[in-house]
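Data block below; observations after.
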Amino acid sequence: VENGGSISAAFREHEIFHGIVLQMIRSGEDAGTLDELLAASADYFDSLLADLLSTIASLLNPIMTVFIGLAVAGMMIASFLPVFDMGNMHQ
């Protein structure tokens, strides 16, 4: 870019972005609206990140519920097992 090259060529050379983002950067350079297109692509990636975090958070609740349930079941078995063994003792 310092030597007169385009930003899209620099991004393509270093594989920072792929596909549609490179096309948006190139068309933004040609049209002179690079700032608007970069803001639009940033909003797009923000929405992708928000969707990903929402999916992870929605999966985390059932996973933790199962884990806590197994831990409680294990503690209950560990506490009642000696009581059941006392009934099986022969005198």
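Within the group 6, 41, which residue is at negative phi and in contact with an Asp or Glu (Cβ under 6 Å, 6 or more places away or on another chain)?
So the residue among 6, 41 that is at negative phi and in contact with an Asp or Glu (Cβ under 6 Å, 6 or more places away or on another chain) is 6.
How many of the residues making up region 25-47 are within 13 Å of residue 6 (Cβ to Cβ) and surrounded by 15 or more Cβ atoms within 10 Å (Cβ to Cβ)?
So the answer is 5.
If I ask for residues that are part of a helix (DSSP H, G or I), among the aliphatic types (A, V, I, L, M) and either open to solvent by 60 Å² or more (accessible area, probe 1.4 Å) or in contact with a Leu (Cβ under 6 Å, 6 or more places away or on another chain) (or both), which ones from region 7-24 would you list?
20, 24
The values are calculated or read from the model by the stated rules, or taken from the named source; none is laboratory data. Here the structure is a predicted model, which is why all the values come from computation and not from measurement. Every residue, glycine as well, gets a Cβ built from its backbone with ideal geometry; the counts of neighbours run over all protein chains shown. Note: areas computed on protein heavy atoms with side chains; ligands, DNA, RNA excluded. Shrake-Rupley method; radii C 1.70, N 1.55, O 1.52, S 1.80 Å.
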